[in-house]
Amino acid sequence: MMRWTLIAILALTTVVAPPALADPPDRLLEPSLHLQASTDSAAPRVALTLDACGGSTDLRILDALVENRVAATIFVTGVWLKRNPEAFATMRAHPDLFEIGDHGARHVPAVDRPVHVYGLKAAGSPAAVKAEVELGSVAIIKNGGSKPRWFRGATAKYSTGAIRIIHDLGYEVAGYSLNGDGGSLLGQKTTTARIAGAKDGDVILAHINQPRHAAGSGVVAGVLALKARGFTFVRLSDVKPQGLPSGT
């Protein structure tokens, strides 16, 4: 009798045990992105991508890019656009240098559930993710820009559902391979060393909205160091990047 009771208990335990989660609720993705390697005869190349999250414009960076003919993909938010019409006009005046990407309407993380990422409250639902992406694009167009191809959410972290939404809306997710300025919180020397140490095919992430931070000077110094080494700078849409998330 005791033997059959034990078997029944084990069977019950097996039936009611919760299934393993294929995608844990707290799992967020931070997509990587590289350029295809240069051919043997081509100069090494990198893609400089700059986030304009909010606040003002680091003219140290913008002026240096224009003066030195350095191409970049710049991701702007609707919040930044309202405060920086002159800087955006400068970017639009140099379409051969600058590609404009969508950084969202309000600079909220593209996560379709209610969480915080680096202290920022995420969009929180599929509808809110869609609004963050689409209204960011609308803001760019209303301010004289073209419909962007690329989207990068605040914090560059995403839920798998959000990536699917972004792709379904017709955008590509702009990951990166080299964090150049640590969210604009690194010092000048560290930022310079990180960017100057980029390798062929790197997609560099830095910021262009913190003119009072020392990291901005490091961005300029690092970029000029790469240029002196013979690197070519390209916009994301100029080449075929590798490592794009599938959105599935």
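For residues that are assigned to a helix (DSSP H, G or I) and free of Cβ contacts under 8 Å to residues at least 60 places away in the same chain, tally how many sit in the stretch 55-69.
Number satisfying all stated conditions: 3.
Taking the criterion of being at pLDDT below 95, outside any loop (DSSP other than H, G, I, E, B) and over 14 Å from Ser137 (Cβ atoms), would at least one residue in the stretch 70-87 satisfy it?
Scanning the stretch 70-87 turns up no residue that is at pLDDT below 95, outside any loop (DSSP other than H, G, I, E, B) and over 14 Å from Ser137 (Cβ atoms).
Exactly one condition in (1) open to solvent by less than 40 Å² (accessible area, probe 1.4 Å); (2) of a type in the set (A, V, I, L, M, F, W, C); (3) touching a residue at least 60 places away in the same chain (Cβ under 8 Å); (4) within 25 Å of Pro95 (Cβ to Cβ) is false for Leu224; which is it?
Here Leu224 meets the rest and fails (1).
In the stretch 185-220, which residue that is assigned to a helix (DSSP H, G or I) and charged (D, E, K, R) is farthest from Asp51 (Cα to Cα)?
Checked the stretch 185-220; the qualifying residue farthest from Asp51 (Cα to Cα) is Lys189.
Of all residues in the stretch 116-155, which are at positive phi and assigned to a loop (DSSP other than H, G, I, E, B)?
Hits for the stretch 116-155 are Tyr118, Gly119, Gly124, Gly144.
For residues in the stretch 137-188 being more than 24 Å from Val220 (Cβ to Cβ) and among the basic types (Lys, Arg), which is nearest to the chain's Cα centre (by Cα)?
Lys157
Among the residues of the stretch 227-244, which ones are open to solvent by 40 Å² or more (accessible area, probe 1.4 Å), closer than 16 Å to Ala174 by Cα and not charged (D, E, K, R)?
Ser237, Gln242, Gly243, Leu244
Quick check on Thr57: is it within 18 Å of Ala198 (Cα to Cα) and either at pLDDT 95 or above or open to solvent by 50 Å² or more (accessible area, probe 1.4 Å) (or both)?
Considered against the rule, which asks whether it is within 18 Å of Ala198 (Cα to Cα) and either at pLDDT 95 or above or open to solvent by 50 Å² or more (accessible area, probe 1.4 Å) (or both), Thr57 comes out as no.
Would you mind stating whether Arg194 is under 20 Å from Leu65 (Cβ atoms), among the basic types (Lys, Arg), surrounded by fewer than 16 Cβ atoms within 10 Å (Cβ to Cβ) and at pLDDT 95 or above?
no
The values are calculated or read from the model by the stated rules, or taken from the named source; none is laboratory data. Bear in mind the structure is a predicted one, so any value in this text is a computation, not a measurement. Quick reminder, even Gly has a Cβ in these numbers, built from the backbone with ideal geometry, and neighbours come from all protein chains shown. When the accessible area is computed, the model is the full protein with side chains, heavy atoms only, and any ligands, DNA or RNA have been set aside. Shrake-Rupley method; radii C 1.70, N 1.55, O 1.52, S 1.80 Å.
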